[in-house]
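Rule-based calculations on the coordinates, nothing more; no lab input. This structure is a prediction, so every number in the text was calculated from the model and none was measured. In this analysis, Cβ positions are derived from the backbone assuming ideal geometry, glycine residues included, and neighbour counts consider all displayed protein chains.
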Amino acid sequence: MSDSDLLTDKRTEAEEGDYALGRSDVAAILDAVERGDQGQLTMRMEPLHSADIADLLEQISSAERQRLIHLYDREFDGDILSELDESIRDEVIATLRPEVLADAVRELESDDVVDLIEDMDVVRQDVILDVLEDSDRVAVEQSLTYPEKSAGRLMQREVVMAPEHWTVGEAIDYLRVRETLPEQFYHIILVDPRFKPVGNVTLGKLMGSRRDVLLWEIIETVFQVIPAMQDEAEVAYAFNQYHLISAPVVDENERLVGMITIDDAMIVLDEEHEEDILRLAGVGDGSLSDRVINTTRQRLPWLAVNLVTAIAASLVIAQFDAAISQIVALAVLMPIVASMGGNAGTQSLTVAVRAIATKDLTGSNVWRVIRREVLVGLINGFVFAVVLGIVGVIWFGSPALGYILAAAMVINMVVAGLAGTVIPVILDKLGIDPALASGAFVTTVTDVVGFFAFLGLAAMVLL
């Protein structure tokens, strides 16, 4: 195969989206692992980004993963550990030789080390902490004293700061002589004599200004200070809302203790989105790398909740068993009303949960949103009522049955729009995650109302 053919093959594989790597790359890597060819494996892995290596480790089996690590551990980069899914990270750490693990961890920024060890037990935490230099260990241990999912856990301790009275020239000279700088930083944080942040200066403004210009004269117009105890979801919201690149973190005395950068904030935002989607589906925080027993435990409770709601809907149906036994068409048509209501409720629910998460749905506009969703449900209900009314007449030759089906559809679609918006809002007010619990309640409401409206009207009109 020529080089051009191989390039075309890899492009085709990337377009198919099966792997971040081409299938031929994965096959070649696993073949080198199988043969124990360390040279070939290193050659294949060398050009790969840390995120791609992490993806590779997540996609292969546990046995293949361990063999690959044993062959490749001399080249193991610390960023790979940061990119790994938590479900297999402990396994990878346990597989690495102590000296390799030490080198990998020392390469990481303090916030990455905190993210790496915060969910580990004390014994495993000590293994990682013991390989750090004293100053880095102190920084990580101080970050671990903050609550989980707080800004204090998210921040990095490596900060570039300067007194507010410095000039551009003094700041540039300071940066040139400083032995270590953060791997990524975008601002110099100006502080007063009490180490209180008072402004940010971008590196672009710094390099584009004369040496005698005061830093205070070129500070950013948008400046946000993040309390260390603030929830990380609120931090991500602030970065997204105010288009921040980085922001200083302060303690209870408003003294500078760290910095959060946009990459960490966007990871949190992405995790929040993923968490909402998974919870709306009732699958918890599962991943493809989880074991069967763990996945089962995560999904079983919500399936049990759905069973209870299904029984509640069945109890409503049981109240009209006489009508169903006399008019078989009711048994054929009643799932349509409940299903359409359920889908409409899910649509309203998804919009409401997302709006609550992004703070677009608040007390000031909640009634307007509720009215809108009810009106949408009413209009959609009338549209499908006409369609289903005609279906009922043509299918079963009963105009009355068509009218009943149409009326039940309108009622359930309106209720679906109402429930899909009101239920998440109420749960949020009660301090319950609306993404976690709303689905079961909305489904129950639309099923019960749908069956009751259709069968109830049928019992009154047709019997």
- Query: Once both axes come from the Cα atoms, what is the angle between helix 399-429 and the longest principal axis of the chain, in degrees from 0 to 90, rounded to 10?
  - Reply: 30
- Between the helical axis of 262-280 and the dominant principal axis of the chain, each derived from Cα atoms, what acute angle in degrees is found, rounded to the nearest 10? 20
- At what distance in angstrom do the alpha carbon centres of region 423-463 and region 186-235 lie from each other? 51
- Query: Which FRET efficiency value, to the nearest 0.05, is calculated for Val386 and Thr296 with the Förster distance at 41 angstrom and r the Cβ-Cβ distance?
  - Reply: 0.35
- Query: Among rounded, prolate and oblate, which fits region 292-462 when a ≥ b ≥ c are the square roots of the eigenvalues of its C-alpha gyration tensor, a/c under 1.5 means rounded, and a/b larger than b/c means prolate?
  - Reply: oblate
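Please pull out the direction-averaged projected area of the chain, using the convex hull of its alpha-carbon atoms, in nm² to one decimal place.
Numbers: hull surface 124.8 nm².
Dividing the Cα hull surface by four gives the mean projection, 31.2 nm².
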- Item | Inter-probe distance in nm under a simple model that places probes 7 Å from Cα toward Cβ, at Glu217 and Trp367 | 5.4
- Query: Going highest first, how would you order 123-136, 215-228 by mean Cβ packing within 10 Å?
  - Reply: 215-228, 123-136
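Subtract the Cα-Cα distance of Glu271 and Asn253 from 0.36 nm times their separation in residues, and report this length gain in nm to one decimal. Working shown, then result.
Working: separation 18, 0.36 × 18 = 6.48 nm, distance 3.01 nm.
Net length gain for the segment: 3.5 nm.
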- Query: Mind checking the angle between helix 23-35 and the chain's longest principal axis? C-alpha axes, 0 to 90 degrees, to the nearest 10.
  - Reply: 60
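What are the semi-axes of the equivalent ellipsoid of region 360-457, taken as the square roots of 5 times the eigenvalues of the Cα gyration tensor, listed largest first and rounded to whole Å? Each step should come with its number before you reach the end.
Values: eigenvalues 193, 41, 13 Å².
Here the semi-axes work out to 31, 14, 8 Å.
Could you tally the net charge around Val138, taking each other residue with its Cβ under 14 Å from the Cβ of Val138, Lys/Arg +1 and Asp/Glu -1?
Values: positive: Arg137, Arg157; negative: Asp130, Glu133, Asp134, Asp136, Glu141, Glu158.
Taking every other residue near Val138 into account, the sum is -4.
Give the peptides 427-433, 90-96 in descending order of average Cβ contacts within 10 Å, highest first. Don't skip to the end; give the middle numbers.
On the way: 427-433: 13.1, 90-96: 17.3.
Top to bottom by mean Cβ count within 10 Å: 90-96, 427-433.
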- Environment charge at Gly363 (Cβ cut-off 13 Å; Lys +1, Arg +1, Asp -1, Glu -1): +1
- In whole angstrom, the spacing between the Cα centers of region 343-374 and region 100-125 equals 40
- Message: What distance in nm lies between label points placed 7 Å from Cα along the C-beta direction at Glu34 and Glu91?
- Response: 2.0
